[in-house]
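Single-structure report; data block below.
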């Protein structure tokens, strides 16, 4: 009977050690994830239930601040990954005000840059028109050169130079215009792809709940899926689960997909996808 007590005690001790090791590993994993994401600054505005929802993350003086505002009123605040109670928000009022002012200035600058881009595009069009005029003038100079024998030789050389330069300017203007069109088309493709990735991520969260891998979507902190394995909240999934999700979400598996839940709602997700 004494031997049985000793064995039971040793088993309990081993179980406690295993639980402690698992908690330590999870803590290290969460810290590594936050450190890797500490320079991922963003300001995202969306609509939810007819309200404007703004989510901000910024590294301010080497501290990561995350906040959510609904109709311009703050509803959540995180500092270095720690959720700050509303009663303590007053202690961060100056930092929050400085961050929001910087975001305001960045938006103003973005509008200025956009206006300048339009001006540059209009200038490119004017340059193209001028290049055509230069080509026509070069032809006229060539005709005048024929009338004056001595002057003709010099004028003809200059005209040819002008013609070559005008052609180069025209070709460059055309290349710039074509590149601008290609960039615009690529931006549309990227936007459509990002929307599709977001839809697939929402579908994956639903599958994880339906397959009883997690109790609900909010409990999903991290998901990875690649050509070798799948993990959920740092736990490697069985091969049967991995094969199912790899087949259904083949694009994610091929792209070395990772997902981190940055807030308490789906709209706050962050996806890192290498394609």
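Remarks
- Flag for residue 110 being in a helix (DSSP H, G or I) and touching a residue at least 24 places away in the same chain (Cβ under 8 Å): no
- Assessment of the stretch 83-98 against the conditions (within 30 Å of residue 184 (Cβ to Cβ) and surrounded by 10 or more Cβ atoms within 10 Å (Cβ to Cβ)) yields no matching residue.
Table: residues versus (1) modelled with pLDDT of 90 or more; (2) surrounded by fewer than 12 Cβ atoms within 10 Å (Cβ to Cβ); (3) assigned by TED's automatic domain parsing to the domain that holds residue 224.
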{"position": "131", "(1), (2), (3)": "no, no, no"}
{"position": "135", "(1), (2), (3)": "no, no, no"}
{"position": "142", "(1), (2), (3)": "no, no, no"}
{"position": "152", "(1), (2), (3)": "no, no, no"}
{"position": "163", "(1), (2), (3)": "yes, no, no"}
{"position": "166", "(1), (2), (3)": "no, no, no"}
{"position": "195", "(1), (2), (3)": "yes, yes, no"}
{"position": "199", "(1), (2), (3)": "yes, yes, no"}
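- Any hit, the stretch 237-253, residues being in contact (Cβ under 8 Å) with a residue 40 or more places away in the chain and within 19 Å of the chain's Cα centre (by Cα): yes
Listed here are the residues, each with its yes/no results for (1) farther than 27 Å from residue 92 by Cβ; (2) assigned to a helix (DSSP H, G or I); (3) at pLDDT below 50.
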residue	(1), (2), (3)
13	yes, yes, yes
20	yes, yes, yes
27	no, yes, yes
31	no, yes, no
34	no, yes, no
43	no, no, no
53	no, no, no
58	no, no, no
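- Within the stretch 120-145, residues that are more than 16 Å from residue 168 (Cβ to Cβ) have Cβ atoms under 6 Å from residues that are part of a helix (DSSP H, G or I) and modelled with pLDDT of 85 or more in no pair, counting only partners at least 6 apart in sequence or on another chain.
- Within the stretch 217-235, considering residues that are closer than 17 Å to residue 260 by Cβ and without any contact (Cβ under 8 Å) to a residue 12 or more places away in the chain, the one surrounded by the most Cβ atoms within 10 Å (Cβ to Cβ): 231
The values are calculated or read from the model by the stated rules, or taken from the named source; none is laboratory data. Predicted model only: the values in this text are computed from it and were never measured. Cβ coordinates were reconstructed from backbone atoms using ideal geometry, including for glycine residues, and neighbour counts include every protein chain displayed.
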